[in-house]
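The values are calculated or read from the model by the stated rules, or taken from the named source; none is laboratory data. Keep in mind that what you see is a predicted model, and the values were worked out from it rather than measured. Here the Cβ positions follow ideal geometry from the backbone for every residue, glycine too, while neighbour counts run over all protein chains shown.
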Amino acid sequence: MDFLTLLHSAPLLLTLVKAALPHALATTMAFGLWFASVPPCRDVAFEAGSFLVCEVDPKLYSIELFWKDQGGKPFQSLHNLDNAQRAVGRTMLFAINAGMYHPDLRPVGLYVERG
């Protein structure tokens with residue numbers, strides 16, 4: 001993994017560690033068992049780029065799409081989504097923008113949430 005990729009992946013890795021660490025400590029899991037529960041990530045080179053790829057088992061982790069909050073307003077940012085999830089006692093381990101949006105923040109194309 002080159003330095004730039006490591007630098008770009010540091011926030012993700014820190015978020016994964018911060019989210020999993022309290023659970024690991026609270027349940028007194030051995031470090032090896034805790035580390036095995038974190039989604040595996042690896043550096044992948046493709047053409048001229050280097051990418052951090054994380055694969056998760058949907059049987060072990062919840063993979064969800066979010067567009068609007070409980071009031072029907074688009075989240076508009078991952079920060080707003082994270083705050084909304086924390087407000088209901090949930091912790092996001094990883095989040096990305098999963099699509100393209102019209103100027104009024106409607107998804108372009110098919111959008112299926114909890115479907």
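Here the condition is being in the same structural domain as Glu113 (by TED's automatic domain parsing) and more than 16 Å from Arg114 (Cβ to Cβ); of Gln76, Gln85, it holds for Gln76 alone. Entry remark, the stretch 60-107: residues being more than 16 Å from the chain's Cα centre (by Cα) and on the phi < 0 side of the Ramachandran plot number 15 in total. For the stretch 88-115, residues that are of a type in the set (A, V, I, L, M) and in contact with a helix residue (DSSP H, G or I) (Cβ under 9 Å, 6 or more places away or on another chain) total 4.
Considering only residues that are assigned to a strand (DSSP E or B) and either modelled with pLDDT of 90 or more or of a type in the set (S, T, N, Q) (or both), look in the stretch 32-59 and name the one that is nearest to the chain's Cα centre (by Cα). So the residue we want is Ser50. Of all residues in the stretch 77-98, which are surrounded by 12 or more Cβ atoms within 10 Å (Cβ to Cβ) and either assigned to a strand (DSSP E or B) or of a type outside the set (Val, Ile, Thr) (or both)? Residues satisfying the conditions are Leu78, Asn80, Leu81, Asp82, Asn83, Ala84, Gln85, Met92, Leu93, Phe94, Ala95.
Applying the selection to the stretch 60-92, what residues are in contact with a Pro (Cβ under 7 Å, 6 or more places away or on another chain) and either closer than 22 Å to Pro40 by Cβ or modelled with pLDDT under 85 (or both)?
Tyr61
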